[in-house]
Ligand code: GH3
Ligand code: MG
Ligand code: MG
């Protein structure tokens, strides 16, 4: 068995006053020392602590294990044959900056200048050899508290980031998330030569729903439409709420005909939804405006949106509850793309195409 095998320190002792057990199980400590004696001493010191302990006997092995396991804490010797503990700290800080690990230098060197150098290299703490087992456990405990705080802050940040990109009413992506995604997709579409379509959906005479049945009824309709959208959106595509009763669908890698079919399906599904407001059953419909692009020079998102919006205007103008394509040609980069950019004299009703 390799010497750096993963060892789980004994969990027989009850975890009184410690962190929640699942967090402990999660907490990995990497011990790096070329001396088998010191590896053993550290192992014995942590034997009754509920951590998962990994061992490496040199710096290279430590880096490999670090990459594979992302331990929360590292206890490293200073002087080793390949990488020094100092270099190891520097490399960890440089190459694994996404998540914080607490680094403890274990050194027989008591020279203060070197201690300062070690802390400057990225170590959080140091301990001199020969060490006191209780002190090691206590310092590991300090590191654990700090790492737990880090994890909480990271989780909170992720949550906030998610919230900043989500529409609270429908759980769909909000305008900001849509902007980020579409802009990255527009560049990718130009670089890798695939088509991209945006469709704006606007609920028809939605103000009437609010005015007749109240704002909560309006919200129910918005949520229902978002469910239809989610159910109709493939993984590679995206949908979101632009604001108010306007939604956006983005479809990539498909030709115009398939886009028409997909959006027409959304329109029909929503039209069938029944809402029990007041004494009776109500139905609401939506109108759709679509614009597409394919070629080497992507338009900016605002331009594409404006084209989809003008198609939406046309859908409203022609009686609502329908899908209209913007037929304006943006560019023609090869004959195969001509289908997307075809300029018809009259905008087509999708129901006519189907
Ligand atoms: P059209 O068919 O021309 O689109 O008519 P419309 O009534 O849907 O359009 P209009 O822009 O006149 O009205 C949109 C309404 O959407 C007005 C506003 O009160 C309502 N609205 C916007 N955001 C929300 C929301 O979050 N919840 C609810 N319940 N209503 C909203
Ligand atoms: Mg509107
Ligand atoms: Mg509307």
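For the reader, a short list of remarks on this structure follows.
- Cα point-scatterer Debye curve for the range 227-281, base-10 log of I(q)/I(0) at q = 0.16, 0.21, 0.24 Å⁻¹: -0.57, -0.86, -1.03
- Highest-fluctuation residue, 67, 289, 171 considered, GNM on the chain with Cα pairs under 10 Å: 67
- If both residues of a DSSP beta bridge must be in the chain, then about 55% of such bridges are antiparallel.
- Over the range 175-342, the fraction of Cα-Cα pairs per 10 Å bin, rounded to whole percents and listed from the shortest bin up, is 10, 40, 32, 13, 4, 0.
- Most to least packed among 281-287, 83-89, 28-34 [average Cβ atoms within 10 Å]: 28-34, 83-89, 281-287
- When the chain is treated as a Gaussian network with alpha carbon springs shorter than 10 Å, the biggest mean-square fluctuation among 116, 200, 261 belongs to 116.
- The calculated 222 nm mean residue ellipticity attributable to helices in the chain amounts to -15000 deg cm²/dmol, summing -39500 (n - 2.57) over DSSP H runs of n ≥ 4 and dividing by all residues.
- Difference of contour (0.36 nm per residue) and Cα-Cα distance, residue 176 to residue 135: 9.8 nm
- Cα shape, the range 172-213, gyration tensor, a/c 1.5 rule: prolate
- Label-point gap, in nm, between residue 99 and residue 230 - each point 7 angstrom along Cα→Cβ: 2.7
- Here the alpha carbons of the chain define both size measures, Rg and Dmax, at 30.2, 87 Å.
- Neighbour-count order for 323, 266, fewest beta carbons within 10 angstrom listed first: 266, 323
- Remark on the range 61-180: Rg and Dmax equal 19.0, 61 Å (Cα only).
- With contacts taken as Cα pairs under 8 Å and at least 6 residues apart, the range 175-342 reaches a relative contact order of 28 percent.
- Candidates 97, 310, 232, ranked by Gaussian network fluctuation over the chain, Cα under 10 Å, top entry: 97
- Separation in nanometres of the label points that stand 7 Å from Cα toward Cβ, at residue 213 and residue 162: 3.0
- Value of relative contact order over the chain, rounded to a whole percent, pairs C-alpha under 8 Å and six or more apart: 11
- On full extension, the segment bounded by residue 145 and residue 40 gains 35.3 nm, given 0.36 nm per residue less the C-alpha separation.
- The angle between the Cα long axis of helix 301-317 and the main principal axis of the chain comes to about 30°, on a 0 to 90 degree scale.
Values in this text are rule-based calculations from the coordinates and carry no lab data. Not measured: the values here are computed from a predicted model. Because the Cβ atoms are built from the backbone with ideal geometry, glycine has one as well, and the counts that use them run over all protein chains shown.
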